[in-house]
1. Taking the number of other C-beta atoms within 10 Å as the exposure measure, put 229, 182, 189 in order starting with the fewest.
2. Apply 1/(1 + (r/R0)^6) to the Cβ-Cβ distance of residue 23 and residue 3, taking R0 = 22 Å, and write down the FRET efficiency to the nearest 0.05.
3. What's the exposure ranking of 261, 205, going from fewest to most Cβ atoms within 10 Å?
4. In nm, give the distance between the simple-model label positions of residue 160 and residue 139, each being 7 Å from the Cα along the Cα-to-Cβ direction.
5. By counting other Cβ atoms within 10 Å of each Cβ, how are 260, 86 ranked from fewest to most?
6. Compute a Gaussian network model of the chain, connecting alpha carbons closer than 10 Å, and tell me which residue from 158, 169, 137 fluctuates the most.
7. Taking the Cβ-Cβ separation of residue 104 and residue 13 as r and a Förster radius of 25 Å, what is the calculated FRET efficiency to the nearest 0.05?
8. Determine the gain in length on full extension of the stretch residue 46-residue 73; use 0.36 nm per residue of separation and subtract their C-alpha separation, reporting nm with one decimal.
Ligand code: SIN
């Protein structure tokens, strides 16, 4: 496999043959590259939904994807689709987040395959939460280590959010009360495969921190954590081409799909792989 790094921090373009034909050893190599570079882009792929499901299952069992109605023929595939006629509607994934971090066992990897891409815009950004952790001073790392984060989909998929999602005519996002459930994960986690420390924070789903008495300080810290973990120096930005497959590690990154292509169609197929419970 030919690997080209995209930044000094995270991201690599990996030239590899058809994903349908990878040997066991090649798959292990690809998985290790995804963990090391945190997001990898594989250009020139062509996967049917079933082939994408098969490939994704080789990385691990499918994750549950609540709130988003999957493709009718392929329940493990989400069509991330904004029609040209959807105009300025809010796009799926259009805020900094780590996929479904509100789950007990959030997804390890997401696989996203580009099928229809606007002539400009619709890029995706990823930020490295391992780099964000490494950039903290030792004292700051020690201060944050005892804290836990309360993750919830309350401000993304509870019923009050339904109007936000209803502008996507070809995606059926169904908000419900289960979005108010909460899950507590350590703020500093240890990546299950690399052993690296991660500042496991994202503003979309973290709504509280446990272990801090002062409410004002806590709110300040949460604002700062968002700004720090999404700082440009920890990011990579990808301009999609049809046929690209991105594989990213949700245990070490956040991402944000830009919504700057009103009047054009954008379609990608998404599968997610179940991860493990994050540990401190
Ligand atoms: C997502 O958040 O899964 C969607 C990312 C994208 O559409 O680029």
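Taken together, the values in this text are just the output of simple stated rules run on the coordinates, not laboratory data. Note that this is a predicted model, so its numbers are computed, not measured. Every residue, glycine among them, receives a Cβ derived from its backbone with ideal geometry; neighbour counts consider all protein chains shown.
1. So the residues, fewest neighbours to most, are 182, 189, 229.
2. Numbers: r = 17 Å, r/R0 = 0.79.
So the FRET efficiency works out to roughly 0.80.
3. Values: 261 18, 205 29.
Fewest-to-most Cβ neighbours within 10 Å comes out as 261, 205.
4. It works out to 3.8 nm between the two label points.
5. Numbers: 260 12, 86 20.
Exposure proxy ranking, most exposed first: 260, 86.
6. 137
7. Numbers: r = 33 Å, r/R0 = 1.34.
Taking R0 as 25 Å, the efficiency between residue 104 and residue 13 is 0.15.
8. Details: separation 27, 0.36 × 27 = 9.72 nm, distance 1.83 nm.
Here the segment from residue 46 to residue 73 would lengthen by 7.9 nm.
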